[in-house]
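FYI, it's all coordinate maths here, none of it is from the lab. Please read these numbers as outputs of a predicted model, since none were measured by experiment. Note: ideal-geometry Cβ built from the backbone for every residue, glycine included; neighbour counts use all protein chains shown.
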Protein chains: 2
Amino acid sequence: MVSVILPLMADTPGPAEPSLEEQIAAYQREFQGLDPQVERVVSALSRLNRRMNVAYGRQTAELGISNAEWEVLKALVLAGEPYHLGPGDLAKRLGLTPAAMTHRIDRMVAEGLVTRERDETNRVRVIVGITEEGRAKWLEGLRMATVFEGDLLQDLSTAERALLGELLTRLLRRVEDAQPDAGGRLSDLD
Amino acid sequence: MVSVILPLMADTPGPAEPSLEEQIAAYQREFQGLDPQVERVVSALSRLNRRMNVAYGRQTAELGISNAEWEVLKALVLAGEPYHLGPGDLAKRLGLTPAAMTHRIDRMVAEGLVTRERDETNRVRVIVGITEEGRAKWLEGLRMATVFEGDLLQDLSTAERALLGELLTRLLRRVEDAQPDAGGRLSDLD
DNA sequence: CTTGAAGACTTCAGACCTAAACTTCGAAGC
DNA sequence: GCTTCGAAGTTTAGGTCTGAAGTCTTCAAG
């Protein structure tokens, strides 16, 4: 079976980077009292994500868009009918500031990926919609990502995939549930 | 037991963001032929990483440095005696361009976190070293991260942590082994 | 000894982000 | 109806990254 990962990953973060094992050993050397088990999970998570983002970037580049732009298209599609969102919503979903969203929408409108119009019922609001071309690029990007992701998980059995998904979901819940009514104990940090 | 995650995560990417379950359902709605099992793993990975980076950012901010700067300190410490690396090496390890590394080192030298000197045996090379203060900030950041990470994995048993680490390592291997002698089939993408 | 080529780092221009100030519209109080 | 406040977007200033061009050093060949 041919791998799609191989060409995508060629010469990625480059050599000279220590392997995960080397890094864990170095941590033990420099700081006793670190749980290698925890360290392995956290480091692997971080590395995996970096590699995956590089791969996604190469794929979206083939479509002539950036990873960031694909994320906007994705948010619009996942919003469902009528595939409309305001700049503020988009900013929250993508985790960036409203100012950044304004600029990004500017570019994407110029490229014909999305539309921007005023909401006539409430003229403070702006409505961003997806164009035919934007939808097509989203779909093509998703197809490529699907192949890559299937390849990535190739070595895992169905049971292992389910287990991995469940464990990750539990971690995520641990982190996402910790979102009280905003301003909870955040002040502790100020 | 008191959670350190709670205050760190308060009001993180904000509301209005769909939950993981909602997102997976939306994917099924908009694109048949997507494996929900794969989608769950990939989406959870991506979300977890985003949340964790936000948390790390808040912690390093307490030290008066950025996440990016902490990564440089980490690379220097993990390099081992004599805690020296060139800008090029650092750039490769952190996955950014040499140009960015130059600027980042500029700032960190100005802040007293690292030193920069010419290698007298080969005057093309530059040697970046860590200062006392840099090392102290690295250590303090690591301590905070350790608490956070232990808290994150709190709900997992020892066996589950080991299993999760093993599964992630296998995914990582699948991606990192795909680094042939540079230039392999990368040309396919040009 | 000089010359050419390759390597390591820096400089420069452009892209994209954040934080903060500003603009505009809508809703509540008097 | 006028005023004030808050919400939603945009504008502006400043910071960090990328990609390309430039500088300096070393090494090997003539």
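Here are a few things to note about the model shown:
- Cα lying deepest toward the dipole's positive end in the range B:36-190, options B:36, B:75, B:122, charges on Cβ: B:36
- Cut-off under 5 Å, modelled amide H: who pairs with residue B:131 long-range: B:114, B:115
- Across the alpha-carbon atoms of the range A:42-177, the computed radius of gyration and Dmax are 17.2, 53 angstrom.
- Sorted from closest to farthest, the other copies place their residue B:29 label points 5.3 nm away, with each point set 7 Å from Cα along Cα→Cβ.
- Share of pairwise Cα separations in the range A:16-66, more than 16 Å, in percent: 53 percent
- Sorted shortest first, the distances from the residue B:98 label point to those of the same residue in the other copies are 4.4 nm; each point sits 7 Å from Cα along Cα-to-Cβ.
- Over the range B:119-163, the alpha carbon radius of gyration divided by the compact-protein estimate 2.2 N^0.38 Å works out to 2.01.
- The length gained by stretching the chain between residue A:147 and residue A:22 to full extension, at 0.36 nm per residue less their Cα-Cα distance, is 41.9 nm.
- Residue closest to axis [chain A; rotation mapping onto B; Cβ; Å]: A:49, 2
- Each label was represented as a point 7 Å from its Cα along the Cα-to-Cβ direction; for residue A:166 and residue A:61 these points are 4.0 nm apart.
- Residue exposure sequence - A:157, A:19, A:66 - by fewest surrounding Cβ within 10 Å: A:157, A:19, A:66
- Using a 7 Å projection from Cα along Cα-to-Cβ, the label point at residue B:143 is separated from the same position in the remaining copies by 5.5 nm, smallest value first.
- The label-point distance for residue B:140 and residue B:123, in a model that sets each label 7 Å from Cα toward Cβ, rounds to 3.9 nm.
- Pair-distance distribution P(r) for the range B:67-136, from all Cα-Cα distances in 5 Å bins starting at 0: 3, 18, 33, 29, 14, 3, 0 percent.
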